[in-house]
Amino acid sequence: MKKLFGLLTIFTMFLLGACGSATLEGEQSDESEKVAEISPDEMTIGLSISTLNNPFFGQLQEGVEDKAEENGTTVRTVDAQDDTATQINGIDDLIQQGVDVLLINPVDSDAITPAIESANAAGIPVITLDRSSEGGEVVTLIASDNVQGGEMAAEHIVELVGENAKVVQLEGTPGASAANERGEGFNNVANEKLDIVDSQSANFSRSEGLTVMENLLQSNSDIDAVFAQNDEMALGAIEAIEAAGLEDIVVIGFDGNEDALAQIEEGRLDATVAQQPYEMGSLAVQAAYDYVSGKDVENVISSPLELMTAE
Amino acid sequence: MEAKSKSIAQTKAKRSELFRKLGPLIALIVLVTVVTFLNTNFISPTNLLNLLRQVSVNALIAFGMTFVIITGGIDLSVGSTLALSGALTAGILAAGVPPVVAIFAGLLIGAALGLLNGIVITKGKVAPFIATLATMTIFRGLTLVYTEGNPITGFSDDFTFLFFGRGYLFGIPFPVVLMAIAFGILFVLLHKMTFGRKTFAIGGNENASYIAGIKSDRVKYTVYAISGMMSALAGLILTSRLNSAQPTAGTAYELDAIAAVVIGGTSLAGGKGRIVGTLIGALIIGTLNNGLNLLGVSSFYQQVVRGIVIIIAVLLDRKK
């Protein structure tokens, strides 16, 4: 025990003595804020992706790489495997490599802040993709306009089943920005033109979409249409509707994932508001070129959405 | 003749002993040389400090895991312990408790969670693998319940707490300083004190150590509590560094920690091991992650490479 106490005392004294030279990450260096002009073929882009296990982000990466390749830009990619700490470490590694621009697709909007501050301190411009950052300085955010997408879905329902039709909405995870924005857009149109009989959360999950839809069918007869804030919930809802022996209920999803597109071909799903991750990646690289060559870049760049139907 | 063959056997034993001690270190040196050769950025002081900071979280967990594995046990709950104690500490900070108190509370929570593992294992006579597999999902579940599945943020902009994960002392990242302190304390505990000898004795032969009068239950409580506390310390660093407590933090961290221990030459059968080896093991894993990122290797291949390194380490271990 004596040895341990001795050791502890030494460490304590060391720490006390060191108080004067304590600094925080992100505030230790002040490199020039000005970005040097670099031509695309001399540029290295660092790309940090939240997870490559999700095809959506795989397409995002392809979009970045193809656009970069066209212009002779090198891309270094790190995969965060959906872990916030892994993402920060990967971004540190990219900063160490001296990349010229960072494209970051955050795992979490809050937890990414320190990494963005580190990049700021190193004088590397940051562009975020699909998800925003709560802190740090970011050149621009490239994301789908979820509000517009919600409006598109509602308009399509009006087209298919007419005004004042009875609709239910399956909401995403409470608090998630995608859920809020898609709901907002949908309500913008639906409040005026449709009759929303119920709106409940199914947490973006297929299995919950199934059970929530079952309950909704129990409590409401004569539903005309369903808007699910993502495809997974829409696919769950379809199972519930078919199991109940109902067929003429219109179901619209959001995202445009492969499963959903296949179900549209089969005629089970009526439509989905497709995001275009490939386009998103491409737009991000273009924004990087614009910023580095001194052009003005908007704070938020909307990635286009497309309504996918059977036609 | 007999004497001669004996002495040959002895030198052979000595040589393999030397190899056991130096093997991981040689592997690390080779790895560092190769990565440096391929990308000179690697050896720059800023990258080395960056690397050490990345290693610190896994190393701290692995230090605790070393004690557990030397007793012949395993602790699968470390990642969940990290998340739960991180989230609870964030909650305590949000309630306005001074950071220093909150940090100590967080460490105690981690130790208590570890102690719970120890009690289930000794009193309940449940195999460590099963006991900690169960607490792994229990602690993760409790974290999700407590955080309602969302990250806890905005609990503290206090310098002391931010310093914990993001600070620099004499230009050295504070998590690295913490790693060095923990290493010093645990090294003395494991290799220079009676507690350490008891830890080895239990792992070597539990019955014999019982006959020799070692209260193995007590040693096990302490060992799992140390593991829990080290996980909590890692969790505090992450919470501070990420400026938020993530409900999914630390998922699968037990695997990296076990890998570091095994690469470092500690035997999963118990009774044999060194904490220095674990530090080197963690450095090897960290160098692989950092180096492969610097070399621009796809993350899919990185996982393959890491697995191969673990297999090589275990094969080398068996050859001795």
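The values are calculated or read from the model by the stated rules, or taken from the named source; none is laboratory data. Here the structure is a predicted model, which is why all the values come from computation and not from measurement. Virtual Cβ from ideal backbone geometry, glycine too; neighbours counted across all protein chains shown.
Looking across the stretch A:125-160, just one residue is without any contact (Cβ under 8 Å) to a residue 60 or more places away in the chain, touching a Leu at 6+ places or on another chain (Cβ under 6 Å) and not hydroxyl-bearing (Ser, Thr, Tyr), and that is A:VAL126. If I filter the stretch A:107-117 down to residues being within 8 Å of chain B (Cβ to nearest Cβ) and among the charged types (D, E, K, R), which single residue comes out as nearest to A:GLY281 (Cα to Cα)? For the stretch A:107-117, the residue satisfying everything is A:ASP108.
Pairing residues of the stretch A:283-294 that are more than 11 Å from A:LEU103 (Cα to Cα) with residues that are of a type in the set (Lys, Arg) and at pLDDT below 90, at Cβ distances under 9 Å and at least 6 apart in sequence or on separate chains, gives A:TYR289/A:LYS295. Filter the stretch A:57-76 down to the residues that are β-branched (Val, Ile, Thr) and touching a residue at least 40 places away in the same chain (Cβ under 8 Å) and list them by number. Selection gives A:VAL64, A:THR73.
Of all residues in the stretch B:129-167, those satisfying the criterion of being among the aromatic types (Phe, Trp, Tyr) and within 21 Å of B:ALA252 (Cα to Cα) are B:PHE129, B:PHE139, B:TYR146.
Being free of Cβ contacts under 8 Å to residues at least 60 places away in the same chain, over 19 Å from A:ASP130 (Cβ atoms) and not in a loop (DSSP other than H, G, I, E, B) holds for only one residue in A:GLU311, A:GLU247, A:GLU208, A:GLU306, and it is A:GLU208.
From the list B:THR66, B:THR122, the lone residue that is at pLDDT below 95 and among the polar types (S, T, N, Q) is B:THR122.
Assess whether B:LEU107 counts as being more than 13 Å from the chain's Cα centre (by Cα), in a helix (DSSP H, G or I) and closer than 19 Å to B:MET136 by Cα. Criteria met by B:LEU107. The set of residues in the stretch B:153-175 being surrounded by 19 or more Cβ atoms within 10 Å (Cβ to Cβ) and more than 9 Å from chain A (Cβ to nearest Cβ) consists of B:PHE155, B:SER156, B:PHE161, B:PHE164, B:PRO175. Residue check: A:THR77 meets all listed conditions (1) of a type in the set (S, T, N, Q); (2) in contact with a helix residue (DSSP H, G or I) (Cβ under 7 Å, 6 or more places away or on another chain); (3) under 28 Å from B:ALA234 (Cα atoms); (4) away from every other protein chain (no Cβ under 13 Å) but one, namely (4). Looking across the stretch B:196-237, the residues that are β-branched (Val, Ile, Thr) and touching a residue at least 40 places away in the same chain (Cβ under 8 Å) come down to B:THR199, B:ILE202, B:VAL219, B:THR222, B:VAL223, B:ILE226, B:ILE237. A residue that is farther than 26 Å from B:TYR301 by Cα and at the interface with another protein chain (Cβ under 10 Å from one of its Cβ atoms) occurs nowhere in the stretch A:136-144. Give the residues of the stretch B:208-258 that are among the small types (Gly, Ala, Ser) and under 18 Å from the mean Cα position of the chain (by Cα), sorted by residue number. Once the filter is applied, which keeps residues that are among the small types (Gly, Ala, Ser) and under 18 Å from the mean Cα position of the chain (by Cα), the stretch B:208-258 yields B:ALA225, B:SER227, B:GLY228, B:SER231, B:ALA232, B:ALA234, B:GLY235, B:ALA249, B:GLY250, B:ALA252, B:ALA257.
Taking the stretch A:48-61 as the range and being assigned to a helix (DSSP H, G or I) and away from chain B (no Cβ under 13 Å) as the test, the residues that pass are A:PRO55, A:PHE56, A:GLN59, A:LEU60.
Selection of first residues in the stretch A:90-106 that are more than 7 Å from every other protein chain (Cβ to nearest Cβ) and free of Cβ contacts under 8 Å to residues at least 12 places away in the same chain and of second residues that are surrounded by fewer than 24 Cβ atoms within 10 Å (Cβ to Cβ) and not polar (S, T, N, Q), restricted to Cβ pairs under 6 Å at least 6 apart or on distinct chains, gives an empty result.
When the helices (runs of 4 or more DSSP H) confined to the stretch B:209-303 are screened for residues that are at pLDDT below 90, more than 30 Å from B:SER156 (Cα to Cα) and within 14 Å of chain A (Cβ to nearest Cβ), those reaching at least 3 such residues are found at B:275-294. Taking the conditions (1) modelled with pLDDT under 90; (2) within 19 Å of A:VAL138 (Cα to Cα); (3) more than 15 Å from the chain's Cα centre (by Cα); (4) not β-branched (Val, Ile, Thr) in turn, A:ASP108 satisfies each one other than (3). The set of residues from the stretch B:119-139 being surrounded by fewer than 18 Cβ atoms within 10 Å (Cβ to Cβ) and aromatic (Phe, Trp, Tyr) comprises just one member, B:PHE129. Among the residues here, B:SER56 qualifies as in contact with a Pro (Cβ under 8 Å, 6 or more places away or on another chain) and not aromatic (Phe, Trp, Tyr). Counting residues in the stretch B:284-302 that are more than 26 Å from A:GLY98 (Cα to Cα) and under 19 Å from the mean Cα position of the chain (by Cα) gives zero.
Annotation: B:LEU268 fulfils all but one of (1) surrounded by fewer than 18 Cβ atoms within 10 Å (Cβ to Cβ); (2) closer than 23 Å to B:ASN50 by Cα; (3) in contact (Cβ under 8 Å) with a residue 60 or more places away in the chain; the unmet one is (2). For the condition more than 20 Å from A:GLU247 (Cβ to Cβ) and surrounded by fewer than 23 Cβ atoms within 10 Å (Cβ to Cβ), A:ASP224 does not qualify.
Considering every residue within the stretch B:127-146, establish whether at least one is part of a loop (DSSP other than H, G, I, E, B) and more than 22 Å from B:PHE63 (Cα to Cα). Within the stretch B:127-146, none of the residues are part of a loop (DSSP other than H, G, I, E, B) and more than 22 Å from B:PHE63 (Cα to Cα).
Could you please let me know if A:ALA228 is small (Gly, Ala, Ser) and at pLDDT 95 or above? Yes; evaluated as a whole, the condition is true for this residue. In the stretch A:270-304, what residues are at pLDDT 90 or above and among the basic types (Lys, Arg)? None; the set is empty.
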